Amino acid sequence: MTDPTPLRSRAWFDNPANIDMTALYLERYLNFGLSLEELRSGKPIIGIAQTGSDLSPCNRHHLVLAERVRDGIRDMGGIPLEFPVHPIQETGKRPTAGLDRNLAYLALVEVLYGYPLDGVVLTIGCDKTTPACLMAAATVNIPAIALSVGPMLNGWHKGERTGSGTIVWKARQMLAAGEIDDAEFIRLVASSAPSTGYCNTMGTATTMNSLAEALGMSLPGSAAIPAPYRDRQEVAWRTGKRIVEMVAEDLKPSDILTKPAFHNAIRVNSAIGGSTNAPIHLAAIARHIGVDLPLKDWETEGHKVPLLVNLQPAGEYLGEDYYHAGGVPAVVNQLMGQGMIHEDALTVNGRTMGDNCRGAAIEDDKVIRPFDRPLKEDAGFIVLSGNLFDAAVMKTSVIGPEFRDRYLSNPDDPEAFEGPAVVFDGPEDYHHRIDDPALGITPETLLFMRGAGPIGYPGAAEVVNMRPPAYLITEGIHALPCIGDGRQSGTSGSPSILNASPEAAAGGTLALLRTGDRVRIDLNKGTADVLIPLEELAERRAALQAAGGYAYPASQTPWQEIQRATVGQMNTGAILEGAEKYQ
Ligand code: FES
Ligand code: MG
């Protein structure tokens, strides 16, 4: 037997060459009840990175699950130490939760690096908590395992499933069209949040928790278990047990987060109909672990994969159904059957993705379709570029019949459309003006949102999915093409072209666009261009620069200013540039 790797916590607790410091470390960790015998026992010290709190209701159930994580750690001979992670509540944080992903990352890196931890359980859930935790684990590279808090139970209203987020977009349209009043609006949206847990739709939370599993960072089959279920408690205990073994095996994020693992995650994302936030977050995790993952990989690896999971917003069902149908392993097994999964990718349980998922059955084929009966062919993202931006993504799985008929069914030019732009500078401008008849919005109009990227609206706002003006909705027009340098909620069914990089605030051509300019989108060629001469664009650029550049609101907090000065663009993960060299 080889000598086990020395535990890093020993440098704090039994460092004979540094008696004074060791004593200081010891007394303060003794004072809440740990014994000297425990701290000197040589047992691994396992952190529980707690993302749940009263401020972050989506992850709050982790406060309960942590008890079972502790039990698991203890049962395997480890010592649990729980600590808080900077809260990130998607729906609660102003101006954006996106602003806090890098802040939580930064703070968690300091904790994992600077404290006596041999391994860590990452309690993931609400949108940004998952990437923040995985990014930090990638940077520090100590044994780490992710535990999802799980989705909420299904929402119901008058016999129909109401999905978190998705129902909000729909209810807003109904309210705008005068079909419901305020009270009914609240009843509808509240029905979609019936229990503890994260969004029960295939929003960014279900996406990122599924991808954490597809990357191999959480126990197989664990991502989809609804938060209140008994099985969720059990997998919390198993996760606690497993991290202690991982420390003994020295199984680190760098062993798991390899390029094949990221490509597995991209394919799973297409098959589940995952969020357009996933490319940003996976790029960020990849850069922090040192894997080259260009945005184009989303199209080359992911576009040809069919949509198998029938969850809102692309489909009908919700989180509980996803779990009962087989969750991530059933999806992976379908893709494995087509050679679309790198089966030898290692996972946190010490086995490969192939071994974990081989034979995982679909238990309900209304919710997870077999590969030969998909909901949609070629359901991954396409990556667009042109004179408006270097890169943007479009989620093709949410292109519905209404949108396809109106914009993508010209027999001479089936994948292309063009029309006049109406440009909004940030979400407030959009909300104030969208119903103004003076804008002259028609079904031919392309709606543009700018000033909503990582710098412009710090953290990047989820605002590109813009509803049409009320007068068009009442005429039956539910979606216009939306394009922008912001993000959109994964719960939105809008086939927007978004995450455009560089953003207007970073000198992107979007800053030069004017209402009335004609814009052409060609999905087949993957292009997005404003149809004005280059000379005119150059003149506009010179004029904008002379006027001091694209204007955006001033920072309101120190962190907004710091992040704006250091953040990169979304096509490369919107990480703090300069942080990736610390590995
Ligand atoms: Fe937290 Fe959707 S708002 S998971
Ligand atoms: Mg979101």
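The values are calculated or read from the model by the stated rules, or taken from the named source; none is laboratory data. Bear in mind that the values here come from a model prediction, so they are computed numbers and not experimental data. No Cβ is skipped: glycine too gets one built from the backbone with ideal geometry, and neighbour counts run over all protein chains shown.
Some observations on this one:
- Pair list, Cβ under 6 Å, 6 or more apart: the stretch 116-134 residue part of a loop (DSSP other than H, G, I, E, B), other residue at pLDDT below 95 and more than 16 Å from ligand 1 (Cβ to nearest atom): Pro116/Ser9; Pro116/Trp12; Asp118/Leu7; Asp118/Arg8; Asp118/Ser9
- A residue that is under 23 Å from Arg238 (Cα atoms), modelled with pLDDT of 95 or more and surrounded by fewer than 24 Cβ atoms within 10 Å (Cβ to Cβ) occurs nowhere in the stretch 122-129.
- Where Leu99 falls short, out of the listed (1) in contact with a Gly (Cβ under 8 Å, 6 or more places away or on another chain); (2) more than 16 Å from ligand 1 (Cβ to nearest atom); (3) of a type in the set (A, V, I, L, M); (4) in a helix (DSSP H, G or I): (2)
- Residues of the stretch 90-132 classified as within 16 Å of ligand 2 (Cβ to nearest atom), closer than 22 Å to Ile256 by Cβ and touching a strand residue (DSSP E or B) at 6+ places or on another chain (Cβ under 7 Å), total: 3
- Just so you know, in the stretch 193-204 the residues that are under 18 Å from Ser494 (Cβ atoms) and either of a type in the set (S, T, N, Q) or touching a Leu at 6+ places or on another chain (Cβ under 8 Å) (or both) include one that is farthest from ligand 1 (Cβ to nearest atom), and it is Met202.
- Scope the stretch 190-217; condition part of a helix (DSSP H, G or I) and closer than 30 Å to Val121 by Cβ; matching residues: Thr204, Ala205, Thr206, Thr207, Met208, Asn209, Ser210, Leu211, Ala212, Glu213, Ala214
- Any chance Arg564 is away from ligand 2 (no atom under 16 Å from the Cβ) and either in contact with a Cys (Cβ under 8 Å, 6 or more places away or on another chain) or basic (Lys, Arg) (or both): yes
- Taking the listed residues Leu335, Leu307, Leu346, Leu318, the one that is surrounded by 16 or more Cβ atoms within 10 Å (Cβ to Cβ), farther than 26 Å from Lys395 by Cα and in contact (Cβ under 8 Å) with a residue 40 or more places away in the chain is Leu346, with no other qualifying.
- Tally, over the stretch 195-217, of residues that are away from ligand 2 (no atom under 14 Å from the Cβ) and in contact (Cβ under 8 Å) with a residue 60 or more places away in the chain: 10
- Residue in the stretch 394-412 that is farther than 25 Å from Leu307 by Cα and either within 16 Å of ligand 2 (Cβ to nearest atom) or surrounded by fewer than 20 Cβ atoms within 10 Å (Cβ to Cβ) (or both) present: yes
- Given (1) in contact with a Ser or Thr (Cβ under 7 Å, 6 or more places away or on another chain); (2) more than 30 Å from Thr139 (Cβ to Cβ); (3) part of a strand (DSSP E or B), index of the condition Ile521 fails: (1)
- Residues satisfying the criterion are absent from the stretch 21-43 (criterion: in a loop (DSSP other than H, G, I, E, B) and closer than 25 Å to Ser195 by Cα).
- Across the stretch 252-259, not a single residue is classified as part of a helix (DSSP H, G or I), surrounded by 24 or more Cβ atoms within 10 Å (Cβ to Cβ) and among the hydrophobic types (A, V, I, L, M, F, W, C).
- Checked against the criteria, Arg68 counts as more than 12 Å from ligand 1 (Cβ to nearest atom), over 19 Å from Gly33 (Cβ atoms), surrounded by fewer than 21 Cβ atoms within 10 Å (Cβ to Cβ) and in contact (Cβ under 8 Å) with a residue 40 or more places away in the chain.
- First in the stretch 159-184 and within 16 Å of Ile473 (Cα to Cα) and of a type in the set (S, T, N, Q), second anywhere and modelled with pLDDT under 90 and crowded, with 16+ Cβ neighbours inside 10 Å, Cβ under 6 Å, 6 or more apart: none
- Whichever residue in the stretch 80-89 is away from ligand 2 (no atom under 16 Å from the Cβ) and touching a Leu at 6+ places or on another chain (Cβ under 8 Å) and, among such residues, is farthest from Pro279 (Cα to Cα): Leu81
- Neighbours by Cβ (under 7 Å, 6+ apart or cross-chain): first from the stretch 557-574, farther than 14 Å from Ala284 by Cα; second polar (S, T, N, Q): Glu561/Ser555; Gln563/Asn102; Arg564/Ser555
- Test: residue in the stretch 472-488 that is within 16 Å of ligand 2 (Cβ to nearest atom) and part of a loop (DSSP other than H, G, I, E, B): yes
- Of all the criteria given as (1) crowded, with 22+ Cβ neighbours inside 10 Å; (2) farther than 19 Å from Met208 by Cα, the one not satisfied by Thr352 is (1).
- Test: residue in the stretch 144-151 that is more than 16 Å from ligand 1 (Cβ to nearest atom), surrounded by fewer than 24 Cβ atoms within 10 Å (Cβ to Cβ) and not in a helix (DSSP H, G or I): no
- Residues located in the stretch 105-140, provided they are among the β-branched types (Val, Ile, Thr) and either within 16 Å of ligand 1 (Cβ to nearest atom) or farther than 14 Å from Pro253 by Cβ (or both): Val111, Thr123, Ile124, Thr129, Thr130
- Extreme residue, farthest from His342 (Cα to Cα), among residues of the stretch 171-194 that are within 16 Å of ligand 2 (Cβ to nearest atom) and surrounded by fewer than 24 Cβ atoms within 10 Å (Cβ to Cβ): Arg172
- Any hit, the stretch 176-189, residues being within 16 Å of ligand 1 (Cβ to nearest atom) and either outside any helix (DSSP H, G or I) or over 25 Å from the mean Cα position of the chain (by Cα) (or both): no
- Of all residues in the stretch 367-383 being under 17 Å from Gly327 (Cα atoms) and out of contact with any strand residue (DSSP E or B) (no Cβ under 9 Å at 6 or more places or on another chain), the one that is surrounded by the most Cβ atoms within 10 Å (Cβ to Cβ): Phe371
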